[in-house]
Amino acid sequence: MIALLLRDLRLALRAGGGFGLGLAFFLIVTVMVPFSVGPQSALLSSIAPGVLWLGALLACLLSLDRLLALDWEDGSLDLLATAPLPLEGVVSVKALAHWITTGLPLVLAAPVLGVLLNLPAQGFLWIVVSLALGTPALSVIGTFGAALTVGLKRGGLLLSLLVMPLYVPTLIFGAEVARRGAQGMDAITPMLMLAGISAGAIALLPFASAAVLRVNLR
Amino acid sequence: MSLWEYANPKKFLATSERVLPAFWALSGLCLVVGLVWGFFFTPDDFRQGSTVKIIYLHVPSALMAINAWLMMLVASLIWLVRRHHVSALAARAAAPVGVAMTLIALVTGAIWGQPMWGTWWAWDPRLTSFLILFLFYLGYIALWAAIDNPDTAADLTSVLCLVGSVFALLSRYAVNFWNQGLHQGASLSLDKEKNVADVFYQPLLVCIAGFVLLFVALVLYRTGTEIRARRMRALIARERAGAA
């Protein structure tokens, strides 16, 4: 499993792996927001948590179609399916690699972009906490979507249509944590819900992902 | 005699064709009686005026929008466990009907909400969860349409339906947490003393019966169409193979 994780990380980091594209997209979305709603700092600071969450979610979504498609095309997915490692383990490792290369950089970049959006001072901790708890769920749910659409020629748009509704609960609770935190309100309840969604998704969804991947590899 | 006999497409077609006219007639009758009774022979509400009568379309369609998804869930489970093709095709046939019901509920709700709440749309938990349900339906149908191999498509959409059900339920409670509601509580429930006033209640029950029957009739009919379409494809494929 560790070997597979290292392989995926190396592939993502080296040339053509697309590492950093998600991060750049996150940056560009955040920079575009003041252009579209105007530069008033009061308005920006009130929408900052939501914009950061939406940007992170879109950045995750965009990187999903590369998650399994490359391995599908060159046939290494078939090899992985016949390997002694169960397919559930393979998809879990894939999700973990996606989180390390996409989710984790987003978590770390969010406070910096928060400065651009005039995020209130007490909100910085909460945006990091909420993204750190929420992005694993985004990666795992996204892996399920990628496994569903891996056999399709033009799965990209369909993937968004399938994954977006599944992202709703995570987005609601994640953005709620960030918003309440930024306004200095108690953010513990939505944070527990967010952690619960992440834990449940990590525990159960790999089985669904592996099941649909088996169907697609049939 | 067991339910599983209808897993045989031939048997399913024969029986459904025999009962379909009865379903069409009964649902038509219920809808005409219920709607005419509701629209013309019930008093106007003392606060809402005649707009209250949109309830006869809104409540039954909202009910069926959720029940259609439940039916798809059961049919998907049957397909995953017992691999009966009729079951998968029934789930496929039910989805567009469910979308139509969801749309009717959303649109009638907006038409009612405009004079009553003063707005076409509010981000109320119930409204929002219906919109999310609508998106789930769209994704499900799009996945069916995108995959060529019918067995693969049935498998993938079934798993999507299961996972989607969990997340749809989760969203339902998440939006409750997210925003306060404008929508009134349930109009009907089995364990409540008092429902909507009797004058509105009785025609509403007739309308609901009409919608349920209409849904069953549409799903049976569409499932029959799907079975025939698949047979046709098999015949064409066989002929091509014979010619070559």
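Taking the criterion of being without any contact (Cβ under 8 Å) to a residue 40 or more places away in the chain and surrounded by fewer than 18 Cβ atoms within 10 Å (Cβ to Cβ), the residues of the range B:68-94 that qualify are B:Leu70, B:Val74, B:Val81, B:Arg83. When every residue of the range A:140-147 is checked against the conditions, at least one turns out to be closer than 27 Å to A:Leu85 by Cα, in contact with a His (Cβ under 8 Å, 6 or more places away or on another chain) and touching a residue at least 60 places away in the same chain (Cβ under 8 Å). For the structure I just gave you, tell me whether B:Ser171 is of a type in the set (S, T, N, Q), under 30 Å from B:Phe12 (Cβ atoms) and within 11 Å of chain A (Cβ to nearest Cβ). So B:Ser171 fails the test. Among the residues making up the range B:108-149, those that are within 11 Å of chain A (Cβ to nearest Cβ), hydroxyl-bearing (Ser, Thr, Tyr) and touching a Gly at 6+ places or on another chain (Cβ under 9 Å) are B:Tyr137, B:Tyr140.
Yes or no, residue by residue, for (1) touching a helix residue (DSSP H, G or I) at 6+ places or on another chain (Cβ under 7 Å); (2) in a helix (DSSP H, G or I):
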{"site": "A:Phe19", "(1), (2)": "yes, no"}
{"site": "A:Phe26", "(1), (2)": "yes, yes"}
{"site": "A:Val29", "(1), (2)": "yes, yes"}
{"site": "A:Met32", "(1), (2)": "no, yes"}
{"site": "A:Phe35", "(1), (2)": "no, yes"}
{"site": "A:Leu44", "(1), (2)": "yes, yes"}
{"site": "A:Ala48", "(1), (2)": "yes, yes"}
{"site": "A:Leu52", "(1), (2)": "yes, yes"}
{"site": "A:Gly55", "(1), (2)": "yes, yes"}
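Would you be able to say whether some residue in the range A:127-149 is among the β-branched types (Val, Ile, Thr), within 28 Å of B:Leu135 (Cβ to Cβ) and within 11 Å of another protein chain (Cβ to nearest Cβ)? The answer is yes, given that some residue of the range A:127-149 is among the β-branched types (Val, Ile, Thr), within 28 Å of B:Leu135 (Cβ to Cβ) and within 11 Å of another protein chain (Cβ to nearest Cβ). Restricting attention to the range A:71-110 and to residues that are without any contact (Cβ under 8 Å) to a residue 24 or more places away in the chain and in a helix (DSSP H, G or I), the residue that is surrounded by the most Cβ atoms within 10 Å (Cβ to Cβ) turns out to be A:Asp71. Only one of the numbered conditions (1) at pLDDT below 90; (2) under 30 Å from B:Pro21 (Cβ atoms); (3) of a type in the set (Val, Ile, Thr) is violated by B:Ile141, and that is (1). Of everything in the range A:173-198 that is within 12 Å of chain B (Cβ to nearest Cβ) and touching a Ser or Thr at 6+ places or on another chain (Cβ under 6 Å), the residue that is nearest to A:Pro136 (Cα to Cα) is A:Ile197. A:Leu152 fulfils the conditions (1) more than 21 Å from B:Leu169 (Cβ to Cβ); (2) in contact (Cβ under 8 Å) with a residue 60 or more places away in the chain; (3) facing chain B (nearest Cβ under 9 Å) except for a single criterion, (2).
Of everything in the range B:190-228 that's small (Gly, Ala, Ser) and at pLDDT 90 or above, which residue is nearest to B:Asp151 (Cα to Cα)? Among residues in the range B:190-228 that are small (Gly, Ala, Ser) and at pLDDT 90 or above, the one nearest to B:Asp151 (Cα to Cα) is B:Gly224. So is A:Leu116 among the aliphatic types (A, V, I, L, M) and within 9 Å of chain B (Cβ to nearest Cβ) or not? It is false that A:Leu116 is among the aliphatic types (A, V, I, L, M) and within 9 Å of chain B (Cβ to nearest Cβ). The residue that is surrounded by the most Cβ atoms within 10 Å (Cβ to Cβ), counting only those in the range A:180-218 that are touching a residue at least 40 places away in the same chain (Cβ under 8 Å) and hydroxyl-bearing (Ser, Thr, Tyr), is A:Ser209. Only one of B:Ser87, B:Ser158 is within 13 Å of another protein chain (Cβ to nearest Cβ) and either over 17 Å from the mean Cα position of the chain (by Cα) or hydroxyl-bearing (Ser, Thr, Tyr) (or both); which? Just one listed residue meets the conditions, B:Ser158.
Can you tell me which residue among B:Thr152, B:Thr119 is free of Cβ contacts under 8 Å to residues at least 12 places away in the same chain and either in contact with a strand residue (DSSP E or B) (Cβ under 9 Å, 6 or more places away or on another chain) or under 30 Å from B:Gly49 (Cβ atoms) (or both)? When all the criteria are applied, what remains is B:Thr119.
Return the residues of the range B:17-60 that are touching a Pro at 6+ places or on another chain (Cβ under 7 Å) and either closer than 29 Å to B:Ile227 by Cα or not β-branched (Val, Ile, Thr) (or both); say none if nothing qualifies. Scanning the range B:17-60 gives B:Gly34, B:Trp37, B:Gly38, B:Tyr56.
The values are calculated or read from the model by the stated rules, or taken from the named source; none is laboratory data. Only a predicted model underlies this, so the values are computations on that prediction, with no experimental measurement involved. Cβ atoms come from the backbone with ideal geometry, glycine included; neighbour counts cover every protein chain shown.
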